[in-house]
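Please read the structure below before turning to the comments.
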Amino acid sequence: MENSTVLNKISAQEQLSILSEVKKDAFVQKLNEYGSLPLKADNPEILQINLGKMCNQTCTHCHVDAGPTRTEIMSQDVLQQCLHIIENNPSIHTVDLTGGAPEMNPHFRWFIQEVRSLKPELEIIVRSNLTILTSSKYKDYPQFFKENKITVVSSLPCYTKENVDKQRGNGVFDRSIKALLKLNEAGYGKDETLQLHLVYNPGGPSIAPAQEALQNDYKKRLKEDFGIEFNQLFTITNLPISRFLEFLLSQNSLEEYMDKLIENFNPQTLTGVMCKNTVSVGWDGTLYDCDFNQMLELPIKNKIVAQTVFDFDSEKLSGRNIIVNNHCFGCTAGAGSSCQGALV
Ligand code: SF4
Ligand code: SF4
């Protein structure tokens, strides 16, 4: 274990009741005010697959509540069904693999190879925590990623050791730098077909700053200090769920944080929130509107639409009502926030 953080102990149901009570129906009212209720999904274009909750880290803001002791791992049966979905739904142009540490799923390599041979042009994203690439079992992964034209997206919440280790655990910064150098060596961040993106999220209860200016700072510091290159920086605001919710409660600052998110609500973000074109798959094959709803155990819920990978139907999923609650203010504050960074 890389961090001594106590694992989140608030159940999904408790989180939902805290979120609902802190600002009663505020997000629903906001959508109503802007004529966007219900929030409707478009055609699924991105299949985001959560390969399991096992991770070699236990970061303080992890919304998955992941860690080395988690045993939930996606089976080969569920992955086989995901392949079937990818093969038969031409609107899906991206497969986004997340976790936990997705590399720790024993079927990870097989699945990527299968996806690549089925759809050579499909974008495959791996959300890698970087430190996993420095352990001996996974050290050849940069090369494997290169061979399969994977887009690598990795969290690095600061370009300084102090801030990264505080949020992600002792020693994480040094190992992340080592992994980034290995990825650069394989051509990532240099060859335009090998995209390497970094993710920033604030260390405390604040909204992510302007993405472009921060990206410039990151590029300058990482290049000058370590010779590291990367493509884009994605800024993400922490959603008030899981370990970050626990952190806010421990600081008695949940209400203040919610007020900040609500004050900064930006209606222009509503057309770009990731639930519009993404379907998120849980480790057991259940379908969700997004990874955050997955962690709150809020599956896609509508009698006429598919609820698991085994009855996936793009047509029925398109136009469904997205399940929202007050955590959605995290996606719609300021410039907005998604797995691909700022929205506007
Ligand atoms: S934030 Fe990522 S690296 Fe950190 S514990 Fe969660 S899944 Fe693992
Ligand atoms: S948390 Fe964000 S992505 Fe998920 S349903 Fe709410 S607005 Fe959509």
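The table for this structure:
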{"read-out": "Mean Cα-pair separation over length for the chain, i.e. relative contact order, pairs under 8 Å, 6 or more apart, %", "value": "24 percent"}
{"read-out": "Dipole of the chain, positive direction: furthest Cα of Ile112, Val344, Cys82, with charges on the beta-carbon", "value": "Ile112"}
{"read-out": "Positive-pole candidate from Ile236, Phe329, Val152, dipole of the chain, charges at beta carbon", "value": "Val152"}
{"read-out": "Qualifying aspartates and glutamates (Cα of each under 15 Å from Cα of Lys146; at least 8 residues distant if same chain)", "value": "Glu103, Glu121, Glu123, Glu185, Asp191, Glu192"}
{"read-out": "Whole-Hz ³J(HN,Hα) from phi, Karplus 6.51 cos²θ - 1.76 cosθ + 1.60, for region 86-96, glycine and proline x", "value": "4, 5, 9, 10, x, 6, 7, 9, 9, 10, 10"}
{"read-out": "FRET efficiency, Glu21 to Glu315 (Cβ-Cβ, R0 35 Å, nearest 0.05)", "value": "0.40"}
{"read-out": "Packing-based exposure ordering (other Cβ within 10 Å, fewest first) of Ser253, Ser117", "value": "Ser117, Ser253"}
{"read-out": "Residues His197, His84, sorted so that the one with the fewest Cβ neighbours within 10 Å comes first", "value": "His84, His197"}
{"read-out": "Filter on Lys9/Lys260; Lys30/Lys260; Lys139/Lys182; Lys119/Lys219 - keep pairs with C-alpha separation over 21 Å", "value": "Lys9/Lys260; Lys119/Lys219"}
{"read-out": "Under the Karplus curve 6.51 cos²θ - 1.76 cosθ + 1.60, θ = phi - 60°, whole-Hz ³J(HN,Hα) for region 45-60, x wherever Gly or Pro sits", "value": "10, 10, 9, 9, 10, 8, 6, x, 9, 6, 8, 7, 10, 9, 5, 5"}
{"read-out": "Virtual paramagnetic centre 7 Å along Cα→Cβ of Asp284, amide N under 16 Å, in region 51-68", "value": "51-54"}
{"read-out": "Rounded, prolate or oblate (a/c below 1.5 giving rounded, otherwise prolate when a/b exceeds b/c) for region 12-332 by Cα gyration tensor", "value": "oblate"}
{"read-out": "Whole-Hz couplings from phi, Karplus 6.51/-1.76/1.60, listed for region 218-230; x for Gly and Pro", "value": "4, 4, 5, 5, 5, 6, 5, 7, 9, x, 8, 10, 8"}
{"read-out": "For region 12-332, size of Cβ-based charge dipole, Lys and Arg +1, Asp and Glu -1, in debye", "value": "500 debye"}
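Computed from the coordinates by the stated procedures, all read-outs in this text should not be read as laboratory data. All figures in this text were calculated on a predicted structure; none of them were measured in a lab. We place every Cβ from the backbone using ideal geometry, glycine too, and count neighbours over all the protein chains shown.
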